[in-house]
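Chemist: What follows is a structure written as structure tokens; I'll ask about it next.
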Amino acid sequence: MELHAPAVRVATVEAELARTAGASRIALLVELAWHLRQRDSARALRVVEEAEAALGAASPTRPARAAQLRIALTRCEIAALFCRHEEAEHWLARALADAAADADGPTDACLAERLVAKARGQGARTVEATLRAVQASDSGTDPARVQIARAWLAYERAYGAPAPAREADLAVARRSHVAVDALMSAVDAVRVLRREPVRAVGLFLHASEQAQRVGLVRDAVVATINAGTTLRGLGEHEKAAACFDISESVARQTGWPGLLGTSRTQLGAFLRAQDRLEEAHQLLVEAHLALVPTPPGVNRANACSELALVRLRLERAVEAVEPMAEAIRMLRDAGAADNLALSLIDQSTILAAANQLPEALAAIAEASALIDSHGLAALAVNLHQALAEIHRRHALPAPPGMGEPTAALHHAERALSEGRRYPGWQPSASELTALADDWSSAGDPARAFAHARAAIAAMKQEMALLTRPSPSLAPLRSAGAAPPVDEGGLWHPAFPPSPSNATAQFTPKEMQVLRLLARSYTNKEIAISLEVSDQTVKWHLKQVFGKLEVGSRRQAVSRARALGVLAFDS
């Protein structure tokens, strides 16, 4: 039984089940529940109950024991997703005791334990269980499980460790196994996030698509949320909103507390950036309520830090100090260096506003050290923005090498120059307005006017979003409705149309083929990734070559990038 099956296999099992009666149904019911466990966990439980009723008091034959093992694993993973921790541990213990009933049972039990440990915020246990899954898969019967287990290990280590040499063989495996590609694309995105944020967005969205193909809904939503957060940092507010819209919709559909809390936290952060502070506060309260069953960790830390930042914007800086301190305590315990650095920067502005200047400067110093030691270059923008704000509030010595009239201007201009190193980055209207005010106070009306004009342009773009409804406050769809999907059954962020109409002539499938061409996939690998035949791939390639008026794969990618059909980071 596949660990993460494509949709075509799920459809095949459902079709077989519809025409099968008697004892033969049990194996099909068990398999269907297994494949639905992370796709549609509520339905999976209903199928499990039917399978258990059919099993009844069956004699302890090997097939019956294998079915009971798979049921225990299914119930374990679903309980973990719903944060029913004791129930998940109960079913995990059952699965570990019966793991030998199936050749792949030991691997799958270890991976189920990984999910349980992750849901409980037990980082060391998560990695240890994943390591045991790798070891168990080496002696199993399914070669794909070996690569998937290794990909999960790389995924768990992505936030805190450099890529080990053993990951090189996964570059080949990801061409044949969609689940491996999904996980390793997310790993790649995390590793380039602070250096090449535009590239990271493409990797996160690709990871989301591939994760959906094999039923990893939670990981697909997390990747989409990460893409939205990165886009928001780049100033791509419309695209970020589209990511958060679809993420919240899918999370609401699942009912999983961790996913709901995470998606609503990011929506709250988005609304805070748009000055919709009351709506942001309401969403963050909902996020806190959703995250109550989850353990302390990055997700709860993010919710705390966002609440603190909303209070800062509401001029309640003193009330913001404690939730930000709580967020930082959780991030230290989690060992999340990049999140910790960003929260320390935010903490510095809160402490400065609360007239706790020595503590604010200590937070800046620690954040700067983390940026240097972990290569988090993109956070230099946030660091200089925070320093500019601190210097506006407090009289401090001038920084070394200052060429501007004031320290606030020195750091604000440094933030602009750092941000412009990243394609697609845009400063906010409030930052540009502050710069205009600073230059005006410094007696340079020409530079003040230039920044004021840029602020007006940015403000017009941001104002266009103020009438955008928040999905959780004014739902775009009814609470039980499924998110819209394309012809392949995948959901995507509804990005606004590009200023260029170059992509209009290509079908969604042709665009998928083009993106995989840009990643140097062969025809066979494209067919596997898209779950189509080799002949279908050849037909799509013929259409793509004709529309681009080229004769080779390399020319197709080059022409597509030149026309704006493909991003240069694709």
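Chemist: How would you order 1-12, 335-346, 239-250 from highest to lowest mean count of nearby Cβ atoms within 10 Å?
Modeler: So the order, starting with the most tightly packed, is 239-250, 335-346, 1-12.
Chemist: Same structure again: So for each of 513-519, 16-22, 352-358, 228-234 I average, over its residues, the number of other beta carbons within 10 Å; can you give me the resulting order with the highest mean first?
Modeler: The most tightly packed comes first, giving 228-234, 513-519, 352-358, 16-22.
Chemist: Keeping all protein chains in the complex and leaving out DNA, RNA and ligands, what accessible area do you get for LYS524 with a 1.4 Å probe, in Å² to the nearest 10?
Modeler: Its accessible surface works out to 120 Å², give or take rounding.
Chemist: Further question: Given charges of +1 on the Cβ of Lys and Arg and -1 on the Cβ of Asp and Glu, with all other atoms neutral, how large is the dipole of region 238-348 about its Cα centre, in debye to the nearest 20?
Modeler: On the way: 11 positive and 15 negative charges, 33 e Å.
In total the dipole reaches around 160 debye.
Chemist: Considering Cα pairs under 8 angstrom that are at least six residues apart, work out the relative contact order of region 164-306 and quote it in whole percent.
Modeler: Over region 164-306, the number comes to 15 percent.
Chemist: Right, another one. May I ask you to order 200-212, 78-90, 397-409, 44-56 by the average number of other C-beta atoms within 10 Å around their residues, highest value first? Show your work: numbers first, answer last.
Modeler: Details: 200-212: 26.0, 78-90: 19.1, 397-409: 14.0, 44-56: 16.8.
Going by the mean number of other Cβ atoms within 10 Å, highest first, we get 200-212, 78-90, 44-56, 397-409.
Chemist: Stick to the Cα atoms of region 32-91, pair each with every other, and give me the Kirkwood hydrodynamic radius in Å at one decimal.
Modeler: By the Kirkwood definition, the hydrodynamic radius is 11.6 Å.
Chemist: Using a probe radius of 1.4 Å on heavy atoms only, what accessible surface per residue do you get for region 305-444? Whole Å² is fine.
Modeler: Each residue of region 305-444 exposes 43 Å² on average to a 1.4 Å probe.
Chemist: So, one more: Over region 237-338, what percent of the accessible surface lies on carbon and sulfur atoms, probe 1.4 Å?
Modeler: On the way: 1810 of 3550 Å².
The nonpolar share, carbon plus sulfur, comes to 51 percent.
Chemist: Also, quick follow-up: Semi-axes, largest first, in whole Å: what does sqrt of 5 times each Cα gyration tensor eigenvalue give for the chain? Intermediate results must be reported in sequence, preceding the final value.
Modeler: Details: eigenvalues 386, 165, 89 Å².
Rounded to whole Å, the semi-axes are 44, 29, 21.
Chemist: Once you've got the Cα coordinates, tell me which of LYS509/LYS538; LYS509/LYS542; LYS239/LYS460 are over 19 Å apart.
Modeler: None, as every Cα separation is 19 Å or less.
Chemist: Another question, if that's okay. Could you state the per residue volume, in Å³, of the convex hull enclosing the Cα atoms of region 1-117?
Modeler: Cα-based convex hull of region 1-117, divided per residue, equals 94 Å³.
Chemist: Dividing the convex hull volume of the alpha carbon atoms of region 293-334 by its residue count, what do you get in Å³ per residue?
Modeler: Values: hull volume 2.2 nm³, N = 42.
Dividing the Cα hull volume of region 293-334 by its residues yields 53 Å³.
Chemist: Let me ask something additional. What is the spin-label model distance, in nm, from SER520 to VAL285 if the labels are put 7 Å beyond Cα along the C-beta direction?
Modeler: For SER520 paired with VAL285, the spin-label model returns 5.4 nm.
Chemist: Another question, then. With a Förster radius of 22 Å, plug the Cβ-Cβ distance of LEU277 and ALA457 into 1/(1 + (r/R0)^6) and report the FRET value to the nearest 0.05.
Modeler: 0.40
Chemist: In 5 Å bins starting at 0, how do the alpha-carbon pair distances of region 52-144 split up by percent?
Modeler: Taking all Cα pairs of region 52-144, the binned fractions are 3, 16, 23, 23, 18, 11, 5, 1 percent.
Chemist: Could you point to the residue in ALA287, LEU231, THR61 farthest towards the positive end of the chain's charge dipole, with +1 and -1 charges on the Cβ of Lys/Arg and Asp/Glu respectively?
Modeler: Comparing the listed Cα positions along the dipole, THR61 ranks first.
Chemist: May I ask you to give the solvent-accessible area per residue for region 23-132, in square angstrom, as obtained with a 1.4 angstrom probe?
Modeler: Counting only protein heavy atoms, the per-residue value for region 23-132 is 39 Å².
Chemist: Once Rh is set to the Kirkwood radius over Cα pairs, what Stokes-Einstein translational diffusion coefficient, in µm²/s, holds for region 379-422 at a temperature of 25 °C and a viscosity of 0.890 mPa s? Kindly include the intermediate steps, with their values, before the conclusion.
Modeler: Working: Rh = 10.3 Å.
Rounded, D is 238 µm²/s.
Chemist: With contacts defined as alpha carbon pairs under 8 Å and 6 or more residues apart, what's the relative contact order of region 1-147 in percent?
Modeler: Value for region 1-147: 16 percent.
Chemist: Now, a different point. Sequence gap at least 6, Cα distance under 8 Å: using those rules, report the relative contact order of the chain to the nearest whole percent.
Modeler: Details: 811 pairs, mean separation 59.7, N = 570.
Rounded, it is 10 percent for the chain.
Chemist: Keeping the other protein chains in place, figure out the carbon and sulfur percent of the accessible area of region 1-154, with a 1.4 Å probe.
Modeler: On the way: 3470 of 6230 Å².
Percent of accessible area from carbon and sulfur atoms in region 1-154: 56.
Chemist: Nearest 20 debye, what's the magnitude of the dipole of the chain about its Cα centre given +1 on Lys and Arg Cβ and -1 on Asp and Glu Cβ?
Modeler: Using only the charged Cβ atoms, the result is roughly 1160 debye.
Chemist: What's the extension gain from ARG46 to ASP333 if we count 0.36 nm per residue and subtract their Cα-Cα distance?
Modeler: 99.5 nm
Chemist: Another one. Please state the equivalent ellipsoid semi-axes for region 322-448: what are the square roots of 5 times the Cα gyration tensor eigenvalues, largest first, in whole Å?
Modeler: So the equivalent ellipsoid measures 26, 17, 12 Å along its semi-axes.
The values are calculated or read from the model by the stated rules, or taken from the named source; none is laboratory data. This one's a predicted model, so the numbers in the text were calculated from it and none came from an experiment. In this analysis, Cβ positions are derived from the backbone assuming ideal geometry, glycine residues included, and neighbour counts consider all displayed protein chains. Areas reflect the complete protein model, heavy atoms only, side chains present, ligands, DNA and RNA absent. Shrake-Rupley method; radii C 1.70, N 1.55, O 1.52, S 1.80 Å.
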